[in-house]
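Chemist: This is the structure I want to talk about, given as structure tokens.
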Amino acid sequence: MGFITRTLKSIVKSILKLSRPVFSFEDNKLSFKISSDNFYVYELDNYETKTKHDSYTVEAYTIESDSIFIEYIHTHNDVQWRGLPSSLYREFLKDRLGFKSVEILEKKEYKNFDFYTFKIDEHFILNFIYIYELNKDIFILDVKSELYENLLKNFDKEYVYNFEKNKENILDIDISIVNENNFFNYFGHEDMSN
């Protein structure tokens, strides 16, 4: 009987480890799942959270601090994006923030994580982290490069950030792709027509 109980507990523990979300935000802390047993935690100070609403989302919100901007989108099961979410989001940023040019300086891909370093209008560095799970998309902008660099080092211990860091570490963004989905159809039901 003890063997069966231990086996069942082991199976439940394994399922719980695998089912933990790749990204979570609780108690002022961003938590990123690196592996089943390893998490990277980043504490946020002085942030503002705004809930977003769209008929295609289960949950959506933005988090804005001085140097970090996050848009979290959890869609219903029968919803799909009209293209690659990270590409749509980059175009959305470029349009809404009035960037003239966005040059990709670096791109790194790891399971569920894409890291990009952009040069904006030939002088400003913007780090972009895209995290994806089943029906969840998380878009993170990092001006200070701290979260970007430290999170990436959890995937590649040898990683060195080789770009000039911004002198001004303030990110003032008040946009949301969820807010504009009604007008531009970034995502919707699988059967939505072009």
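Rule-based calculations on the coordinates, nothing more; no lab input. Every value quoted in this text rests on a predicted model; they were computed, and no experiment measured them. Neighbour counts run over all protein chains shown; Cβ positions are idealised from the backbone, glycine included.
Chemist: Once you have the Cα-Cα distance between Tyr47 and Lys94, take 0.36 nm times their residue separation minus that, and quote the gain in nm to one decimal.
Modeler: Taking Tyr47 through Lys94 to full extension adds about 14.6 nm, to one decimal.
Chemist: Starting at the first residue of segment 93-99, write each ³J(HN,Hα) from the Karplus equation 6.51 cos²θ - 1.76 cosθ + 1.60 with θ = phi - 60°, in whole Hz, x for Gly and Pro.
Modeler: 4, 4, 5, 6, 9, x, 5
Chemist: Determine the calculated [θ] at 222 nm for the chain from helices alone, applying -39500 (n - 2.57) to every DSSP H run no shorter than 4 residues and normalising by the residue count; nearest 500 deg cm²/dmol.
Modeler: Values: 4 runs with 43 residues, N = 194.
-6500 deg cm²/dmol, from helical runs alone.
Chemist: What ranking do Glu71, Glu146, Glu164 get, fewest neighbouring Cβ atoms within 10 angstrom at the top?
Modeler: Working: Glu71 24, Glu146 16, Glu164 11.
In increasing order of surrounding Cβ atoms, one gets Glu164, Glu146, Glu71.
Chemist: Any chance you could give the angle, 0 to 90 degrees and rounded to 10, that helix 2-19 forms with the longest Cα principal axis of the chain?
Modeler: With rounding to tens, the tilt is 10 degrees.
Chemist: Right, next: Would you order Phe183, Phe23, Phe115 from fewest to most other beta-carbon atoms within 10 Å of each residue's own beta-carbon? Present the calculation step by step, with values, prior to reporting the outcome.
Modeler: Values: Phe183 7, Phe23 20, Phe115 23.
Least crowded to most crowded, the residues run Phe183, Phe23, Phe115.
Chemist: Write out the trypsin sites (Lys or Arg not before Pro) in segment 43-143 meeting two conditions: DSSP loop, and at most 16 other Cβ atoms within 10 Å of their Cβ.
Modeler: Here the sparse-neighbourhood loop sites are Arg82, Lys100, Lys111.
Chemist: Under a crude label model (7 Å from the Cα following the beta-carbon direction), how far is Leu84 from Ser31 in nanometres?
Modeler: 3.1 nm
Chemist: Follow-up question, since we're still on this one. Using the Cα centre as the reference, give the magnitude of the dipole from point charges on the C-beta atoms of the chain (Lys, Arg: +1; Asp, Glu: -1; all else neutral), rounded to the nearest 20 debye.
Modeler: Values: 24 positive and 34 negative charges, 193 e Å.
That gives a dipole near 920 debye.
Chemist: Classify the chain from the C-alpha gyration tensor, please: rounded if a/c falls under 1.5, else prolate or oblate depending on whether a/b exceeds b/c.
Modeler: Values: a/c = 1.97, a/b = 1.30, b/c = 1.52.
Oblate shape, in that a/c is at least 1.5 and b/c is the bigger or equal ratio.
Chemist: Return Glu26, Glu180 ranked ascending by Cβ neighbour count within 10 Å, so the fewest neighbours appear first. Show your work: numbers first, answer last.
Modeler: On the way: Glu26 7, Glu180 15.
Final ranking by Cβ density, sparse to dense: Glu26, Glu180.
Chemist: Net charge near Glu168: determine it from the other residues with C-beta under 15 Å of the C-beta of Glu168, scoring Lys and Arg +1 and Asp and Glu -1. List each step's numbers first, then the result.
Modeler: Details: positive: Lys144, Lys165, Lys167; negative: Asp66, Asp121, Asp142, Glu146, Glu164, Asp172.
Here the count lands on -3.
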